[in-house]
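Worksheet: the structure to be examined is printed underneath.
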Amino acid sequence: TTEANTAVDPIEQVEELAQELMRQLDLLSGSKVQEDISYGQYKVISVINNHGPISVGNLGRLVGSAQSTTSEMVARLTKAGLVTKVRGPYDGRVVMVELTDQGRQLMRRRRKRVREAYQGLFSKLTGGDQESFIASIKSLNDILAKAAE
């Protein structure tokens, strides 16, 4: 059969589109731009930036990595001067991780590039398409949040 005659499985189409969308957003947001850290390390820094001082265990859970993997990333980021370890405020046995000034600067640079890239894309949509896009993303986010419950 020819490709034109073959019915496209909508689930397969969604899967392919989602994978391609994530790939394109990664490229656009600069995750492939070298800042002397890997994309996984950037994800760790991003979680720390969003949650403030955080334990390695909670950090690993939020990033979706084993605690040993997260600990290794934190060690590399500490050596690079991007994060520092501090004792927990309520229990000195708990080790918390927070960004250094250098880590915060890296986040500001990255976020600025991401925002500029997204603004460039968004400006290519008409007003009505912008509203539809936002509504679609909100709807998808709601569906995913409910599925995760």
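The values are calculated or read from the model by the stated rules, or taken from the named source; none is laboratory data. All of these numbers come straight from a predicted model, not from anything done at the bench. Don't worry about glycine lacking a Cβ; one is built from the backbone with ideal geometry, like all the others, and counts go over all protein chains shown. Each accessible area value is taken on the protein alone, full model and side chains, heavy atoms only, with ligands, DNA and RNA left out. Shrake-Rupley method; radii C 1.70, N 1.55, O 1.52, S 1.80 Å.
Just so you know, in region 90-141 the residues that are out of contact with any strand residue (DSSP E or B) (no Cβ under 7 Å at 6 or more places or on another chain) and among the β-branched types (V, I, T) include one that is farthest from H51 (Cα to Cα), and it is T126.
Taken over region 78-97, the criterion of being surrounded by 13 or more Cβ atoms within 10 Å (Cβ to Cβ) and part of a helix (DSSP H, G or I) is satisfied by T78 alone.
The numbered conditions (1) open to solvent by 30 Å² or more (accessible area, probe 1.4 Å); (2) touching a residue at least 24 places away in the same chain (Cβ under 8 Å); (3) farther than 26 Å from Q119 by Cβ are all true for A75 except (2). Within region 98-128, being open to solvent by 80 Å² or more (accessible area, probe 1.4 Å) and over 28 Å from K85 (Cβ atoms) holds for R115, E116, Y118, Q119, L121, K124, T126. I137 passes every criterion in (1) touching a helix residue (DSSP H, G or I) at 6+ places or on another chain (Cβ under 9 Å); (2) under 22 Å from L25 (Cα atoms) apart from (1).
Residue pairs whose Cβ atoms lie under 6 Å apart, separated by 6 or more positions or on different chains, with the first residue in region 41-65 and closer than 15 Å to K85 by Cα and the second part of a loop (DSSP other than H, G, I, E, B) and open to solvent by 20 Å² or more (accessible area, probe 1.4 Å), are S55/V94. Among the candidates N5, N58, single out the residue that is over 30 Å from Q119 (Cα atoms) and at pLDDT below 90. Answer to the check: N5. Got a number for residues in region 78-98 being touching a residue at least 40 places away in the same chain (Cβ under 8 Å) and either within 25 Å of R109 (Cβ to Cβ) or within 19 Å of the chain's Cα centre (by Cα) (or both)? The total comes to 5.
Is there a residue being more than 14 Å from the chain's Cα centre (by Cα), in a helix (DSSP H, G or I) and surrounded by 13 or more Cβ atoms within 10 Å (Cβ to Cβ) anywhere in region 49-56? Scanning region 49-56, I find at least one residue that is more than 14 Å from the chain's Cα centre (by Cα), in a helix (DSSP H, G or I) and surrounded by 13 or more Cβ atoms within 10 Å (Cβ to Cβ), so the answer is yes. Filter region 8-48 for residues that are surrounded by 10 or more Cβ atoms within 10 Å (Cβ to Cβ), at pLDDT 70 or above and outside any helix (DSSP H, G or I) and give the result. D9, I37, S38, listed by residue number.
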